[in-house]
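Chemist: Have a look at this one before I ask anything.
Read-outs: derived from the displayed coordinates by stated rules, not from any lab. What you see is a predicted model, and the numbers here were worked out from it, not measured in a lab. Don't worry about glycine lacking a Cβ; one is built from the backbone with ideal geometry, like all the others, and counts go over all protein chains shown.
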Amino acid sequence: MTAVPRRRMVPAYLATGGRVRSGAPGFERLTVLHAADTEPPHELEHEHRRLWELLRPGALTVVEAAAHLRLPVSATVFLAADLVEAGCLRARSPIPRAQQTDRTIVERLLVGLRTLR
């Protein structure tokens, strides 16, 4: 007998409280989240508490947290923004992509290393 996946009792869009814009600008899918050292307030809603507890052991990106919580990324952004505003989470911009290295510098470095032999 196969297990039937459980359906969420509350639709994901209700986790945002009906809002259409998050309070914190600049959140992206790859924004890194981690729990602050403070305990969250007891009046946190269930979805907020789940996100905070997920991030207590370590950092995750918004998209990874959304996958663990089985929520849309957009709903997870709202939850994370609320927790950042409350001081329960910290958010860090994703690490920018590295720029291409100038090939002439690498070639000059190789020439210099070869002359050291």
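Chemist: Under the definition of Cα pairs under 8 Å and six or more residues apart, what whole-number percent is the relative contact order of region 19-116?
Modeler: 38
Chemist: What length, rounded to one decimal in nm, is gained on full extension from Ile105 through to Arg117, with 0.36 nm per residue of separation minus their alpha-carbon distance?
Modeler: Extending this stretch completely gives an extra 2.4 nm.
Chemist: Right, something else. Points 7 angstrom from Cα along the Cβ direction at Asp37 and Ala98: gap in nanometres?
Modeler: Output for this residue pair reads 3.3 nm.
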